[in-house]
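Report on the following structure.
Just so it is clear, none of the values below were taken in a lab; they were calculated from the coordinates. Computed from a predicted model, the values in this text were never measured in an experiment. Cβ coordinates were reconstructed from backbone atoms using ideal geometry, including for glycine residues, and neighbour counts include every protein chain displayed.
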Amino acid sequence: MMRRTFISVVLIALTAGSATAQEFPPGFVDPAPLLAAAEVEINAAALRCISFSGNGYNGAVGQTFENAVNIDWPRIGSLSNYTRVINWNTETSIETFEREPGLNPASWKYGLGWIGGTPTQQARQQTHITVGGQSWHIDGDGEPVAIPPEIAEVYRLDMWLNPHGFLKAARLPGADPVAFWRWEQIEKGRDGNVVAPVKMHVVAITMFGKYRVDATINPDNQIQRLKTTVNDPTLGDFNIEHESTNQVTVNGIKWPTNWHSHQGWDDNWQFFRQSTGHNAYGGSFPDIVANTCPDPVTVPQAVRDASFPAPVTVDEMADGVYRLGGGPANSYMVEFSDFVAVFEAPGDERRSLTVIEEVVKLAPGKPIRWLISSHPHFDHIGGLRSYLHIGSTIVTHMSNLEFLNTDVLTYESRTVEPDIVSLWPPTELSEGYNYEAIQERYTITDDERLLHVYYVQPLQHVSGMLMAFLPEEGIAFQADLFDTHEPPKAAQLPAMRSLNTQVARMGLDVGTLAPVHGAPVPWSEFVSALRTLEAQN
Ligand SMILES: [Zn+2]
Ligand SMILES: [Zn+2]
């Protein structure tokens, strides 16, 4: 918030009339000549639309195996025959590529879109289209599937995060550019090609009245880095940074051919962050076509009609045991004599507060004393802060404690989408009474009902995985070890073996397996799926 306040003070100073056009506060300069020179350098005025093609890669943002410092997002796929067409006049972006089936369709480029429990990709050919504020995905020649509006907004923002897009955006009403300068020094400068201190300029604009976008401009008037901050439910303010190099000239227009993108902070120094930023996507896209603009794209009816988020559904599984579903991931509620425990907090604040309202209706007057968090993949922990806010203790494996404490359950400001915890951080946050960090096993009980929490071994899918079990009812709660929203997949076999081993070692008499992704199933269904996959592999 401080940075925002400072910038608005600067803007007031610029527009108050007391300063002439040539006078700027110390450290700041006039953005107009910088933008004009950058436009001339790449011939921005001549470009209406662009198409660029090549091959790329993508990483799974939020899906690290361990909460280790300074490791890349898992490199999960290569994108071949990639083509992207951007038309800024119609605010349209069309991206097509081929990728091995079996991954989540949204799990590329913006890993913010990684949501387990949604249909996995069946065909090689993938299409992602954005028109204004609406985005959709097409798997092969299948039906268009709408992308939730908060992710669609980031996709929309992205079509301006390239040198030509930025310069066009800087001319839009409300962009309010400001500029400042700095020296970039040898290794302190990035991109590896700085041999002596170089004076760089940064021009910062505002997009959609919400996102601050910064362009770093070198002495040759070339934009070589673009940076913005978006919201991620898990981490809050989230850095996105595109670096582009190897400019080529096509029809007098310059366009970069090499791209790579960081999501999160690309540092190994500020160790207070566990999740330090990683390469999220990139590639080489040398085939450039300028000003061959595509026909206008109509937003499909199914995309127009899509509504988000899905309403919460309530299914009673046993006395006082409920599945709270309706989205791509479930929470489960277990009622005790004078409190409630909830297994899993997927999604975001809005989803979790809606689930919490349902819990309050089902067990009026009983506090949600415990929130059991299975594992720290981002699609499973975006609601943890909401449970912290209403007073729950977070039950997690001890290996996740540092990550949750330094990156997720913090009292740092969130400037893009402030949530309740960032607006009103509870006192306990600074005092540390927020966790039950378990090593092997933990039991939640009111001396009547028992709910055991186990550390799942051997490690598969992720380190620090917990499951929970109601021995009286024979219900086992687990995440990502066996999903039921789709037919069983061979890719899940190692995790299924791990679950099977854990259940056998603990001697659990499981009748019902309750997954976070998909509906509960009889244990026998899991066993037969395991046998079938074992036989095939
Ligand atoms: Zn998942
Ligand atoms: Zn997971």
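Sort the following peptides by mean Cβ neighbour count (other Cβ atoms within 10 Å, averaged over residues), highest first: 304-314, 408-418.
Highest to lowest by the protection proxy: 408-418, 304-314.
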- For segment 127-167, what value does the Rg/Rh ratio take when both radii are computed over Cα atoms and Rh is the Kirkwood radius, given to two decimals? 1.06
- Item | Estimated distance in nm for a label pair at residue 314 and residue 535, the labels positioned 7 Å out from Cα along Cα-to-Cβ | 4.2
- Note on the structure: Between the residues 418, 326, 364, the Cα farthest towards the positive end of the dipole of segment 321-428, that dipole coming from +1 and -1 charges on the beta-carbon of Lys, Arg, Asp and Glu, is from 364
- Message: Placing unit charges on C-beta atoms (Lys and Arg positive, Asp and Glu negative, everything else neutral), compute the dipole magnitude of the chain about its Cα centre in debye, rounded to 20.
- Response: 1360
- Query: Given the convex hull over the Cα atoms of segment 413-460, what projected area results after averaging over all orientations, in nm²?
  - Reply: 6.4
- Item | q = 0.20, 0.23 Å⁻¹, segment 322-402: log10 I(q)/I(0) [Debye, one scatterer per Cα] | -0.81, -1.07
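How do the peptides 467-478, 444-455 rank, highest first, by the average count of neighbouring beta carbon atoms within 10 Å per residue?
Descending packing order for the listed peptides: 467-478, 444-455.
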- Most packed first (mean Cβ within 10 Å per residue), the peptides 292-302, 124-134, 330-340 order as 330-340, 124-134, 292-302
- How high is the relative contact order of the chain, given as a whole-number percent (alpha carbon pairs under 8 Å, six or more residues apart)? 12
- Task: May I ask you to sort 366, 168 by Cβ crowding, counting other Cβ atoms within 10 Å and putting the fewest first?
- Result: 366, 168
- Query: Dipole of segment 309-536, Cα-centred, from +1 at each Lys and Arg C-beta and -1 at each Asp and Glu C-beta, to the nearest 20 debye?
  - Reply: 440
- Query: When you take every Cα atom in the chain, what is the radius of gyration, and what is Dmax, the widest Cα pair distance, in Å?
  - Reply: 25.0, 79
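Give me the dipole magnitude in Debye, nearest 20, for segment 134-173 about the Cα centre, with unit charges on the beta carbon: positive for Lys and Arg, negative for Asp and Glu.
440
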- Note on the structure: The farthest towards the positive end of the charge dipole of the chain, of the residues 450, 347, 512, given +1 on Cβ of Lys and Arg and -1 on Cβ of Asp and Glu, is 347
- Among 36, 524, 396 the positive-end extreme of the charge dipole of the chain (Cβ point charges): 36
- Cα coordinate range in segment 309-536, projected on the principal axes (Å, largest first): 53, 34, 33
- Scattering profile of segment 31-295 at q = 0.07, 0.09, 0.10, 0.16 Å⁻¹ [log10 I(q)/I(0), Debye over alpha-carbon scatterers]: -0.24, -0.39, -0.49, -1.35
